[in-house]
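I have placed the structure first, in the form of C-alpha coordinates, so that the comments after it can refer back to it.
The values are calculated or read from the model by the stated rules, or taken from the named source; none is laboratory data. Worth saying up front: this structure is predicted, and the values here are computed from it rather than measured. As a convention, Cβ positions derive from the backbone with ideal geometry for all residues, glycine included, and neighbour counts pool all protein chains shown. With ligands, DNA and RNA removed, areas are computed over all heavy atoms of the protein, side chains included. Shrake-Rupley method; radii C 1.70, N 1.55, O 1.52, S 1.80 Å.
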Amino acid sequence: ATRALGADPVADEEDGGDGRDEAAVGDNVMRLAQRHEIPLEGACEGVAACSTCHCIFAPDLYDTLPEASEKEEDMLDQAFGLTETSRLSCQLTVHPSFDGTVITLPEATRNFYVDGHVPKPH
(Lines give C-alpha, C1' and ligand atoms only; values in the text may rest on other atoms or scores of the structure.)
Protein backbone atom coordinates (compact mmCIF):
# COMPACT_ATOMS: atom_id res chain seq x y z
CA ALA A 1 0.00 0.00 0.00
CA THR A 2 1.08 3.53 -0.62
CA ARG A 3 1.68 5.67 2.47
CA ALA A 4 2.34 9.40 2.48
CA LEU A 5 3.42 11.92 5.07
CA GLY A 6 0.92 14.63 5.75
CA ALA A 7 -0.25 17.18 8.24
CA ASP A 8 -3.39 15.31 9.29
CA PRO A 9 -3.73 11.77 10.64
CA VAL A 10 -6.00 9.64 8.48
CA ALA A 11 -6.54 5.94 7.95
CA ASP A 12 -4.32 3.79 5.75
CA GLU A 13 -5.61 2.90 2.30
CA GLU A 14 -6.44 -0.62 3.54
CA ASP A 15 -8.74 0.97 6.13
CA GLY A 16 -10.50 3.21 3.64
CA GLY A 17 -8.34 6.30 4.16
CA ASP A 18 -6.00 7.99 1.74
CA GLY A 19 -2.83 6.38 3.13
CA ARG A 20 -1.45 9.55 4.76
CA ASP A 21 0.31 9.39 8.11
CA GLU A 22 0.68 12.29 10.51
CA ALA A 23 4.17 13.74 10.75
CA ALA A 24 5.64 16.67 12.62
CA VAL A 25 8.51 18.80 11.40
CA GLY A 26 11.64 17.43 13.06
CA ASP A 27 10.39 13.81 13.34
CA ASN A 28 13.04 11.24 12.42
CA VAL A 29 11.74 9.53 9.25
CA MET A 30 12.68 6.00 10.38
CA ARG A 31 11.10 6.41 13.84
CA LEU A 32 8.01 7.96 12.24
CA ALA A 33 7.59 4.93 9.97
CA GLN A 34 8.03 2.53 12.88
CA ARG A 35 5.53 4.49 14.99
CA HIS A 36 2.96 4.01 12.23
CA GLU A 37 3.83 0.30 11.95
CA ILE A 38 5.37 0.66 8.51
CA PRO A 39 7.77 -2.30 8.08
CA LEU A 40 11.02 -0.35 8.12
CA GLU A 41 13.54 -2.41 10.05
CA GLY A 42 16.35 -0.11 11.20
CA ALA A 43 18.50 -2.97 12.54
CA CYS A 44 21.28 -0.66 13.79
CA GLU A 45 18.65 1.47 15.57
CA GLY A 46 19.45 4.61 13.64
CA VAL A 47 23.22 5.00 13.72
CA ALA A 48 23.84 4.53 9.96
CA ALA A 49 25.55 1.17 10.50
CA CYS A 50 23.26 -0.81 8.18
CA SER A 51 20.96 -0.21 5.22
CA THR A 52 17.73 -1.75 6.52
CA CYS A 53 15.97 1.64 6.73
CA HIS A 54 16.71 2.41 3.08
CA CYS A 55 13.90 4.40 1.43
CA ILE A 56 13.40 5.80 -2.05
CA PHE A 57 12.31 9.42 -2.36
CA ALA A 58 10.60 11.23 -5.22
CA PRO A 59 13.21 13.22 -7.19
CA ASP A 60 11.71 16.61 -6.29
CA LEU A 61 11.84 15.83 -2.56
CA TYR A 62 15.25 14.16 -2.81
CA ASP A 63 16.68 17.38 -4.22
CA THR A 64 15.62 19.24 -1.04
CA LEU A 65 17.27 16.79 1.38
CA PRO A 66 20.57 17.58 3.09
CA GLU A 67 23.58 15.89 1.53
CA ALA A 68 24.30 12.35 2.75
CA SER A 69 27.36 11.85 4.93
CA GLU A 70 30.19 9.59 3.79
CA LYS A 71 29.08 7.04 6.40
CA GLU A 72 25.53 7.04 5.00
CA GLU A 73 26.84 6.73 1.43
CA ASP A 74 28.93 3.71 2.48
CA MET A 75 25.86 2.00 3.91
CA LEU A 76 23.72 2.89 0.90
CA ASP A 77 26.27 1.11 -1.30
CA GLN A 78 25.11 -2.12 0.42
CA ALA A 79 21.37 -1.43 0.12
CA PHE A 80 19.11 -3.73 -1.84
CA GLY A 81 17.41 -1.96 -4.77
CA LEU A 82 19.53 1.19 -4.57
CA THR A 83 18.34 4.08 -6.75
CA GLU A 84 19.61 7.58 -7.48
CA THR A 85 17.12 8.93 -4.93
CA SER A 86 17.80 6.41 -2.13
CA ARG A 87 18.56 7.55 1.41
CA LEU A 88 18.72 6.01 4.89
CA SER A 89 15.59 7.16 6.68
CA CYS A 90 17.39 7.11 10.04
CA GLN A 91 19.50 10.02 8.87
CA LEU A 92 16.62 12.29 7.88
CA THR A 93 14.07 14.42 9.66
CA VAL A 94 10.75 15.65 8.36
CA HIS A 95 10.65 19.21 7.04
CA PRO A 96 7.71 21.18 5.58
CA SER A 97 8.37 20.07 1.99
CA PHE A 98 7.53 16.48 3.03
CA ASP A 99 3.79 17.31 3.18
CA GLY A 100 1.94 14.90 0.89
CA THR A 101 5.14 13.09 -0.08
CA VAL A 102 5.17 9.40 -0.90
CA ILE A 103 8.24 7.54 0.32
CA THR A 104 8.81 4.14 -1.26
CA LEU A 105 10.29 1.12 0.50
CA PRO A 106 12.43 -1.30 -1.49
CA GLU A 107 11.07 -4.81 -2.02
CA ALA A 108 13.68 -6.29 0.36
CA THR A 109 16.53 -5.30 2.65
CA ARG A 110 19.95 -6.74 3.45
CA ASN A 111 20.53 -7.16 7.16
CA PHE A 112 24.21 -7.73 7.88
CA TYR A 113 23.63 -6.81 11.54
CA VAL A 114 21.72 -9.81 12.94
CA ASP A 115 19.52 -11.74 10.55
CA GLY A 116 15.98 -11.76 11.86
CA HIS A 117 16.54 -9.08 14.54
CA VAL A 118 13.79 -6.48 14.43
CA PRO A 119 14.42 -3.71 16.98
CA LYS A 120 11.47 -2.06 18.67
CA PRO A 121 11.35 1.75 18.78
CA HIS A 122 12.06 3.28 22.17
Q | Amide H partners (placed H, <5 Å) of Ile103, local residues excluded | A | Arg3, Leu5
Q | Val102 paired with Gln78, simple spin-label distance in nm, labels 7 Å along Cα-to-beta-carbon | A | 3.1 nm
Q: Tabulate in residue order the Karplus-calculated ³J(HN,Hα) for segment 83-89, using 6.51 cos²θ - 1.76 cosθ + 1.60 with θ = phi - 60°, rounded to whole Hz; enter x for Gly and Pro.
A: 10, 5, 10, 7, 8, 8, 5
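Rounded to a whole number, what % of the accessible area of segment 57-105 do carbon and sulfur atoms account for, probe 1.4 Å? Don't skip to the end; give the middle numbers.
On the way: 1350 of 2710 Å².
Heavy-atom surface of segment 57-105 belonging to carbon and sulfur, 1.4 Å probe: 50 percent.
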